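The values are calculated or read from the model by the stated rules, or taken from the named source; none is laboratory data. Bear in mind that the values here come from a model prediction, so they are computed numbers and not experimental data. Cβ atoms come from the backbone with ideal geometry, glycine included; neighbour counts cover every protein chain shown.
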């Protein structure tokens, strides 16, 4: 495998990882919102700062990993990474909910 292909594959992997991390960050933000009640203004500000952070993280990843050259597959990799992470998180959430329901009903007599 040529060096150029290795660099592009590594850049693709970095883009996937960035997408996954951005989803994890948003899920943590959503979890905090469920624990602590927020006003509409606070939610809007949190979303604004999240998207500013997401843009900065993506910019830094592109700038450092690929010398600032924007590639269309990079955007696709970020979206694919986010989609995969969202699917994994949804799957794990469903499993946890089923387990909690099973253990909650465990001591009840039918």
query: What do you reckon, is residue 81 at pLDDT 90 or above, part of a helix (DSSP H, G or I), in contact with a helix residue (DSSP H, G or I) (Cβ under 8 Å, 6 or more places away or on another chain) and surrounded by 10 or more Cβ atoms within 10 Å (Cβ to Cβ)?
result: yes
- request: Would you check if residue 11 is at pLDDT below 90, in contact with a helix residue (DSSP H, G or I) (Cβ under 8 Å, 6 or more places away or on another chain) and either part of a helix (DSSP H, G or I) or surrounded by 13 or more Cβ atoms within 10 Å (Cβ to Cβ) (or both)?
  value: yes
Subset of region 35-63 (residues that are modelled with pLDDT under 90 and assigned to a helix (DSSP H, G or I)): 58, 59, 60, 61, 62, 63
query: Got at least one residue in region 40-53 being under 30 Å from residue 6 (Cβ atoms) and touching a helix residue (DSSP H, G or I) at 6+ places or on another chain (Cβ under 6 Å)?
result: no
- request: For residue 59, indicate whether it is touching a helix residue (DSSP H, G or I) at 6+ places or on another chain (Cβ under 6 Å) and surrounded by 12 or more Cβ atoms within 10 Å (Cβ to Cβ).
  value: no
- request: For residue 22, indicate whether it is within 17 Å of the chain's Cα centre (by Cα), modelled with pLDDT of 90 or more, part of a helix (DSSP H, G or I) and under 26 Å from residue 93 (Cα atoms).
  value: yes
query: Out of curiosity, is residue 100 surrounded by 10 or more Cβ atoms within 10 Å (Cβ to Cβ) and either more than 30 Å from residue 7 (Cα to Cα) or touching a residue at least 60 places away in the same chain (Cβ under 8 Å) (or both)?
result: yes
message: With the structure loaded, tell me whether residue 45 is surrounded by 12 or more Cβ atoms within 10 Å (Cβ to Cβ) and under 14 Å from the mean Cα position of the chain (by Cα) or whether it fails that test.
response: no
task: Considering each of 54, 65 in turn, give the residue that is surrounded by 12 or more Cβ atoms within 10 Å (Cβ to Cβ), in contact (Cβ under 8 Å) with a residue 12 or more places away in the chain, at negative phi and more than 16 Å from the chain's Cα centre (by Cα).
output: 65
